[in-house]
């Protein structure tokens with residue numbers, strides 16, 4: 001079985017199977033950057049070039065699935081496909097590439113699946129999934145979601161609005177921070193409790209940056225604790241660099257360099273808003289939730 005997350009910036013896949021005890025075992029992860037949501041915030045149209053990038057990735061993923069004898073694939077589209085007026089045409093092309101129907105899920109369903117794919121115990125927690133187009137907040141415990149929110153603050157969206165030119169000027173940074181804060185003020189945090197867990201490319205990249213990893217090592221990133229003060233120091237450094245300079249920083253993937261400053265600001269604003277100084281990093285997230293959801297309903301494979 002495979003779960004695929006077709007996001008605004010990345011397309012991620014995890015392959016798994018049930019063992020003899022009926023437990024789901026994760027076998028393989030794939031990560032590719034398509035930037036499907038390039039320009040969507042402004043035009044509400046997914047570009048032809050972006051569609052082709054995504055199509056090629058999904059053709060490759062289908063080949064990987066075939067090589068691994070994957071019988072069932074569940075694919076979900078998120079923010080970029082939710083916002084695009086040409087999404088039906090895009091979905092048709094991408095569904096043909098992966099060989100199964102792609103469903104565009106709501107922000108609330110994205111939040112539920114992100115929580116399902118991230119949690120590894122029954123303790124209360126707050127999962128924050130910082131995507132390219134949106135950020136999902138999920139509060140729950142005992143594997144049950146109590147509250148979930150989806151806000152239109154994502155690393156690609158904010159980069160295109162406020163960090164198009166880098167380094168950005170102070171006015172742009174202030175405007176971005178104000179936009180994030182105004183969005184955060186729409187959620188009720190009175191029932192939020194437990195540790196903060198950050199998923200997706202921003203927190204995993206920042207964990208690699210703090211540790212100065214020249215090569216991505218999942219074991220060093222998963223479970224790493226990010227500190228607010230350290231993140232603030234990193235942001236003050238990032239915001240003064242251009243994209244070429246950002247690409248040279250150990251831990252930053254070249255294709256993520258242009259959006260990491262915006263993503264870092266989002267995480268900082270969230271931690272400040274929630275008055276939480278530590279954030280645990282998870283390398284799991286939505287694609288795992290898609291796969292777990294698929295495995296739990298073996299007789300019904302549609303999201």
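One table, with the values for the structure above:
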| item | result |
| --- | --- |
| Residue check, residue 57 modelled with pLDDT of 95 or more, crowded, with 23+ Cβ neighbours inside 10 Å and touching a helix residue (DSSP H, G or I) at 6+ places or on another chain (Cβ under 9 Å) | yes |
| Hits in segment 90-102 (condition: in contact (Cβ under 8 Å) with a residue 60 or more places away in the chain and either within 26 Å of residue 160 (Cα to Cα) or surrounded by 19 or more Cβ atoms within 10 Å (Cβ to Cβ) (or both)) | 94, 98, 102 |
| Strands (runs of 3 or more DSSP E) wholly inside segment 189-303 containing at least 3 residues that are more than 22 Å from residue 5 (Cα to Cα) and in contact with a strand residue (DSSP E or B) (Cβ under 9 Å, 6 or more places away or on another chain) | 225-227 |
| Residue that is farthest from residue 41 (Cα to Cα), among those in segment 129-148 that are without any contact (Cβ under 8 Å) to a residue 40 or more places away in the chain and assigned to a strand (DSSP E or B) | 144 |
| Of the criteria (1) touching a helix residue (DSSP H, G or I) at 6+ places or on another chain (Cβ under 9 Å); (2) surrounded by fewer than 17 Cβ atoms within 10 Å (Cβ to Cβ); (3) without any contact (Cβ under 8 Å) to a residue 60 or more places away in the chain, which one residue 190 fails | (1) |
| Subset of segment 30-76 [over 15 Å from residue 6 (Cβ atoms), outside any loop (DSSP other than H, G, I, E, B) and without any contact (Cβ under 8 Å) to a residue 60 or more places away in the chain] | 43, 48, 49, 63, 64, 66, 67 |
| Positions within segment 1-26 being surrounded by fewer than 18 Cβ atoms within 10 Å (Cβ to Cβ) and within 20 Å of the chain's Cα centre (by Cα), in sequence order | 26 |
| Residues that are over 17 Å from residue 279 (Cβ atoms) and either without any contact (Cβ under 8 Å) to a residue 24 or more places away in the chain or in a helix (DSSP H, G or I) (or both), drawn from segment 103-120 | 107, 108, 109, 110, 111, 112, 113, 116, 117 |
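Residue by residue, here is whether (1) in contact with a helix residue (DSSP H, G or I) (Cβ under 8 Å, 6 or more places away or on another chain); (2) surrounded by 14 or more Cβ atoms within 10 Å (Cβ to Cβ); (3) farther than 20 Å from residue 152 by Cα holds:
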residue: 208; (1), (2), (3): yes, yes, yes
residue: 233; (1), (2), (3): no, no, yes
residue: 237; (1), (2), (3): no, yes, yes
residue: 256; (1), (2), (3): yes, yes, no
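The values are calculated or read from the model by the stated rules, or taken from the named source; none is laboratory data. Being a predicted model, the structure only gives us computed values, none of them experimental. Every residue, glycine among them, receives a Cβ derived from its backbone with ideal geometry; neighbour counts consider all protein chains shown.
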